[in-house]
Amino acid sequence: MEPDRGASPGGLTTESINDASAEIDRLDAAGVVRLMNAEDAGVAEAVREVLPAVAEAVEGIAARLRTGGRLIYVGAGTSGRLGVLDAAECPPTFNTPPEMVLGIIAGGKRALTRAVEEIEDRPESGRDDLEAVHVSAGDAVVGIATSGRTPYVLGALEYARSLGAFSVSLTCNRDSALAQLSDVAIEPVVGPEVIAGSTRLKAGTATKMVLNMLSTGAMVLLGKTYGNLMVDLRPTNSKLRERAVRIVQHVTGLDAGAATEQLSESGGEVKTAIVAILSHVPVEEARRRLRASEGSVRRAVDMSGENT
């Protein structure tokens with residue numbers, strides 16, 4: 001008798017049995033990886049179907065960050081680790097303060113490298129962890145739970161929403177309990193896993209893809225890039241100093257020596273150097289334009305030529 005692809009002990013798509021991998025233990029290594037690759041091919045399509053919700057979340061997150069709020073990810077297990085990872089990548093990529101994007105995982109730091117599964121069953125722990133970082137109405141909180149019913153995340157998102165925070169749920173099952181607590185529900189349904197219930201696989205990949213969009217999309221809206229260049233980086237070591245020079249060269253057409261000189265005059269500020277060069281204005285005027293344009297290089301360069 002063939003297993004029912006839609007059947008699951010908990011009634012969740014992510015816990016269902018996958019027909020395609022029912023005899024995965026009979027395959028050799030090449031067969032296993034081909035099967036996994038074929039299953040993964042549908043993940044991007046599942047994410048594509050929820051892009052309107054992702055875009056709505058990006059706009060809401062950017063609005064909170066623009067007024068001094070924070071982006072806070074909350075999750076347990078794999079979901080929590082992915083949130084922590086995305087938060088940790090924001091400072092080096094976009095020169096954000098460490099407190100602007102936070103990742104909170106059930107069980108704290110020790111849960112990053114080992115399972116602390118009992119904590120995720122406590123909704124009060126989710127609330128306590130958000131209280132500890134003083135979440136407020138000015139923040140955006142993203143509750144991440146593949147199942148959509150993890151008590152720790154439910155407790156956290158319910159508390160965040162009670163305070164008026166912008167609340168987003170990210171799950172891989174439709175119509176979840178977590179979705180009911182959110183302003184925006186993101187639900188990429190990737191189907192049963194190759195190994196039943198192992199949501200670090202397709203569900204984890206979909207989660208990572210969406211988190212990439214949430215943080216990167218918000219940072220783009222905040223003017224952290226010019227085109228696709230990381231113009232908000234701070235050249236604090238030799239690698240970053242070289243990258244800063246290359247960015248200024250690429251945007252302005254200057255040679256390495258001239259780009260280095262302009263960066264030095266601009267205090268190492270890549271944005272300031274670019275605006276000063278492209279707008280043919282002094283460094284202080286470039287900074288004024290950046291302030292007036294809320295940090296957007298493109299808008300600063302496009303401003304009219306009046307000087308203060």
- prompt: If you keep only loop residues by DSSP, which trypsin sites (Lys or Arg not before Pro) in region 38-115 have at most 16 other Cβ atoms within 10 Å of their Cβ?
  reply: R114
- prompt: Normalised by the number of residues in the chain, what is the relative contact order in percent for Cα pairs under 8 Å and 6+ residues apart?
  reply: 17 percent
message: Report the Cα centroid-to-centroid distance between region 137-181 and region 235-308 in angstrom, as an integer.
response: 40 Å
field: Signed unit charges on C-beta, dipole axis of the chain, positive-most listed residue M219, V248, L263
entry: L263
- prompt: Let a ≥ b ≥ c be the square roots of the eigenvalues of the Cα gyration tensor of region 62-174; is it rounded (a/c under 1.5), or, if not, prolate (a/b larger than b/c) or oblate?
  reply: oblate
field: Relative contact order (%) - region 151-308, alpha-carbon pairs under 8 angstrom, separation at least six
entry: 13 percent
statement: If V74, V210 are placed from fewest to most neighbouring beta carbons inside 10 Å, the sequence is V210, V74
message: If neighbour count is taken as other Cβ atoms inside 10 Å, put S296, S264, S167, S279 in order from fewest to most.
response: S264, S279, S296, S167
- line: Per the charge dipole of region 225-308 (beta-carbon charges, Lys/Arg positive, Asp/Glu negative, Cα centre), the residue among T236, V281, M303 reaching farthest to the positive end is T236
task: List S198, S293 from most exposed to least, where exposure is judged by having the fewest other Cβ atoms within 10 Å.
output: S198, S293
field: Stretch in the chain that is longest and holds no GluC sites (Glu not before Pro) that DSSP places in a loop and that have at most 16 other beta carbons within 10 Å
entry: 100-293
Equivalent ellipsoid semi-axes, the chain, via Cα gyration tensor eigenvalues times 5, rooted, Å: 42, 23, 16
- prompt: Among the DSSP beta bridges whose two residues both lie in the chain, what percent are antiparallel, rounded to the nearest 5?
  reply: 5 percent
task: Taking the chain as the reference, fit the longest principal axis to its C-alpha atoms, fit the long axis of helix 283-292 to the helix C-alpha atoms, and give the angle between the two in degrees, 0 to 90, nearest 10.
output: 40 degrees
field: Tilt relative to the chain, helix 238-252 - C-alpha long axis, 0 to 90 degrees, to 10
entry: 70 degrees
- prompt: Just for the Cα atoms in region 238-302, what are the lengths along the principal axes, largest first, rounded to whole Å?
  reply: 30, 19, 18
- prompt: Excluding same-chain residues fewer than 8 positions from K202, which lysines have a Cα within less than 26 Å of its Cα?
  reply: K109
task: Evaluate the relative contact order of region 238-302 (contact order divided by residue number), counting alpha-carbon pairs under 8 angstrom at least 6 apart; express in whole percent.
output: 22 percent
query: So how long is each side of region 1-150 along the principal axes, counting just the alpha-carbon atoms, biggest first, in Å?
result: 57, 33, 27
message: So if I place +1 on the C-beta of Lys and Arg and -1 on the C-beta of Asp and Glu, and nothing else carries charge, what would the dipole magnitude of region 45-221 be about its Cα centre? I want it in debye, nearest 20.
response: 320 debye
task: Measure nothing but the geometry: give the 0 to 90° angle between the long axis through the Cα atoms of 77-94 and the longest principal axis through the Cα atoms of the chain, rounded to 10°.
output: 10 degrees
- line: Once the dipole of region 45-221 is set up from charges on Cβ (+1 Lys and Arg, -1 Asp and Glu), the residue from the list T171, G126, V194 lying farthest towards its positive end is V194
- prompt: Given charges of +1 on the Cβ of Lys and Arg and -1 on the Cβ of Asp and Glu, with all other atoms neutral, how large is the dipole of the chain about its Cα centre, in debye to the nearest 20?
  reply: 980 debye
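Computed from the coordinates by the stated procedures, all read-outs in this text should not be read as laboratory data. Predicted, not measured: the structure shown is a model, and the values here were computed from it. Positions of Cβ are generated from backbone atoms using ideal geometry, with glycine treated the same way; all protein chains shown enter the neighbour counts.
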